[in-house]
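Engineer: Got a structure here, written out as structure tokens. Questions coming.
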Amino acid sequence: MSIHDRDTLGAFVASAPVERAGASAGPLAGIPFGLKDLFHVAGVPTGFGHPAWLASHPVPDTDATVLTRLLAAGAHLVGKTHCDELCYSLNGQNTHYGTPVNTAAPGRLPGGSSSGSAAAVAGGLVPFAVGSDTGGSVRVPAAYCGVIGMRTTWDAVPLDGAVPFSPSYDTVGWFSKDAALFERVGRVLLADDAPAATPRRLLVGNDAFARALPATGDALQAALVRVADAIGGGLEGHVVADEGLEAWMQDFRVIQGAGIWATHRDWLATLKPEFGGGIRERFAWVSTLTDEQVAPAARRRLDIAARLHDLLVDGTVLAIPTVPGIAPRTDTPVPELEAWRNRCLGLLCIAGHAGLPQISLPMGTVAGCPVALSLIAAPGRDTMLLDLARQLLR
């Protein structure tokens, strides 16, 4: 039986069925997985969450590097997973293809843009699935769906054969419920089998927790203690953004938006595709950005990145809520979702600005729905986070 026969969640792309067997041996031998529909699979059209994109681009003739690595490790591709329209949303809703079901929080959004991958893992369709993360597209659905998710250090995993979005922020990520499997997948994608570094200090982002809803902070207190015990130290509070996370978020939106427009302006201007609410307005906005807006934001980003790199030396780990609270309901009005998106981006932009690895761990609940704690480390310390997550969730 194919994955499409079993998919009652709307997680997989029915118009592009694909199945590819991996190598007969390897660390992921025989394990099925889903692949977000912005990664190319030779001979299979890439939809990028929009029928106009699907119709206007040639079928790729080469596989994405991510796919090549997973197949070589023995994993078995069973299908491509849905994403938001051109991946420009954190909700998981797609006006053309629907909203994948969040089995961890029924009636609530799965998060996006890697919505299908997260929903497929949360719903037990596959043990792991691959996504991408530019502004939170793995971390948000991981938090909403109660699974482990990670954005890697920027440029740590090649994005050859993936549709670019805002390249200075684009990263590879993935999902699983199983921390040991999650680590094995990460080792394959990162092509890194060296011993993991040892975390030595835990910082708690006080301003990040202040941006979360009080119930979220309360639900994650026990998780913070578990992380501190695993590292072998106390809970040391720290203000991440002296200027305020709201200011960091605004700079992120401008820089990301400029990158999106530079990458896709010709296609957008030529085809004038239709988008759903929220996404439509964001694409209209990015077309208005000027150098006078972008240049100072880019300079501030360099300073932010340098400060974060200095902060996270010598095995320091920063703990923050992944997102401010539980997944919004699927019928939440667009203006409320836009306000919530910006509140989320104030947390998500921290790792994004500095190209840092961040792992989201389902370590609490509020009103029966998952909330997640994120751990952030210095560039290149991805495997340190993977090893720590495995210890925490075993």
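Only the coordinates and a few stated rules stand behind these numbers; no lab work does. The structure displayed is predicted, hence computed values, not measured ones. Heads up, the Cβs are rebuilt from the backbone with ideal geometry, glycines too, and the neighbour counts pull from every protein chain shown.
Engineer: What order do you get for I148, I359 when you list them from fewest to most C-beta neighbours inside 10 Å?
Structural biologist: In order of increasing Cβ crowding within 10 Å: I148, I359.
Engineer: Would you give the gap between the C-alpha center of segment 1-24 and the C-alpha center of segment 312-359, rounded to a whole Å?
Structural biologist: What the calculation gives is 30 Å, centre to centre.
Engineer: Taking the chain as a Gaussian network, where each spring joins two C-alpha atoms under 10 Å apart, which residue of A120, A25, A179 fluctuates the most?
Structural biologist: Checking each option, the largest mean-square fluctuation is seen for A25.
Engineer: Calculate the length of the line joining the C-alpha centroid of segment 253-284 to that of segment 64-127, in whole Å.
Structural biologist: 22
Engineer: Given the options Q391, Y144, G26, identify the residue whose Cα lies farthest towards the positive end of the charge dipole of the chain (+1 on Cβ of Lys, Arg; -1 on Cβ of Asp, Glu).
Structural biologist: Q391
Engineer: Can you sort C87, C349, C369 so the residue with the fewest Cβ neighbours within 10 Å comes first?
Structural biologist: Ranking C87, C349, C369 by Cβ neighbours within 10 Å, fewest first, gives C369, C349, C87.
Engineer: Which is farthest toward the positive dipole end of segment 8-190 among V101, V130, G112, measuring Cα position about the Cα centre, with Cβ charges +1 (Lys, Arg) and -1 (Asp, Glu)?
Structural biologist: Farthest towards the positive pole: V101.
Engineer: List the aspartates and glutamates whose Cα sits under 14 Å from the Cα of K272, skipping any in the same chain fewer than 8 residues away.
Structural biologist: Counting by Cα, and skipping residues close in sequence, K272 has these aspartates and glutamates nearby: E85, E281.
Engineer: Do you know the relative contact order of the chain, to the nearest whole percent, from alpha carbon pairs under 8 angstrom that are 6+ apart?
Structural biologist: Relative contact order of the chain: 18 percent.
Engineer: So what J values fall out for segment 46-63 if you push phi through Karplus, 6.51 cos²θ - 1.76 cosθ + 1.60 with θ = phi - 60°, rounded to Hz, Gly and Pro as x?
Structural biologist: 9, x, 6, x, 8, x, 5, 5, 4, 6, 9, 10, x, 5, x, 10, 9, 7
Engineer: Below 26 Å, Cα to Cα, which lysines can K177 reach? Residues fewer than 8 away in the same chain don't count.
Structural biologist: Cross-link targets: K36, K80.
Engineer: Residue-wise, which Karplus ³J(HN,Hα) couplings in Hz belong to segment 326-342, taking 6.51 cos²θ - 1.76 cosθ + 1.60, θ = phi - 60°, and x for glycine or proline?
Structural biologist: Values, residue by residue: 6, 4, x, 5, 5, 9, 5, x, 4, x, 5, 5, 5, 5, 5, 4, 5 Hz.
Engineer: Name the residues of segment 61-79 whose amide N is less than 14 Å from a point 7 angstrom out from the Cα of A191 along the C-beta direction?
Structural biologist: Answer for this model: 64-73.
Engineer: Of the options G232, L213, G259, report the single residue whose Cα projects farthest towards the positive end of the charge dipole of segment 191-304 (beta-carbon charges: Lys, Arg +1; Asp, Glu -1).
Structural biologist: Most positive-ward Cα: G259.
Engineer: Between H96 and V313, 0.36 nm times their residue separation minus their Cα-Cα distance comes to what?
Structural biologist: 73.6 nm
Engineer: For E246 paired with A306, estimate the spin-label separation in nm (one decimal), with each label point 7 Å from Cα along the Cα-to-Cβ line.
Structural biologist: Label-label distance for E246 and A306, simple model: 2.7 nm.
Engineer: Give the long-range amide H neighbours of H50: residues separated by 5 or more places, or on another chain, with amide H under 5 Å away, using H modelled in the peptide plane at 1.01 Å from N.
Structural biologist: L86
Engineer: Moving to a separate point now. Within the chain, what's the longest run with no GluC sites (Glu not before Pro) in a DSSP loop and at most 14 other beta-carbon atoms within 10 Å? Give the range, please.
Structural biologist: Excluding the exposed sites themselves, the longest stretch runs over 20-242.
Engineer: Specify the residue with the greatest mean-square fluctuation among S113, S132, S56, computed from a Gaussian network of the chain linking alpha-carbon atoms under 10 Å apart.
Structural biologist: S56
Engineer: Convex hull over the alpha-carbon atoms of the chain: what's its volume per residue in Å³?
Structural biologist: It comes to 120 Å³ per residue, whole-number rounded.
Engineer: Name the long-range amide H neighbours of V371: under 5 Å, sequence gap of 5 or more, or other chain; modelled H, no Pro or chain starts.
Structural biologist: For V371, whose amide H was placed from the backbone, the distant partners under 5 Å are M363, G364, T365, V366.
Engineer: Compute, for the chain, the length of the dipole vector about the Cα centre, with Cβ point charges of +1 (Lys, Arg) and -1 (Asp, Glu) only. Units Debye, rounded to 20.
Structural biologist: That gives the chain a dipole magnitude of about 500 debye.
Engineer: Sort H40, H76 by Cβ crowding within 10 Å, fewest neighbours at the top.
Structural biologist: Final ranking by Cβ density, sparse to dense: H76, H40.
Engineer: Magnitude of the Cβ-charge dipole of segment 119-251, K/R +1 and D/E -1, about the Cα centre, nearest 20 debye?
Structural biologist: Computed charge dipole of segment 119-251: roughly 480 debye.
Engineer: Tell me whether segment 8-190 comes out rounded, prolate or oblate; compute the Cα gyration tensor, take square roots of the eigenvalues as a ≥ b ≥ c, and use a/c under 1.5 as the rounded threshold.
Structural biologist: rounded
Engineer: Give a residue-ordered list of calculated ³J(HN,Hα) values for segment 292-302 (Karplus: 6.51 cos²θ - 1.76 cosθ + 1.60, θ = phi - 60°; whole Hz; x for Gly, Pro).
Structural biologist: 5, 7, 6, 4, x, 5, 5, 5, 5, 4, 4
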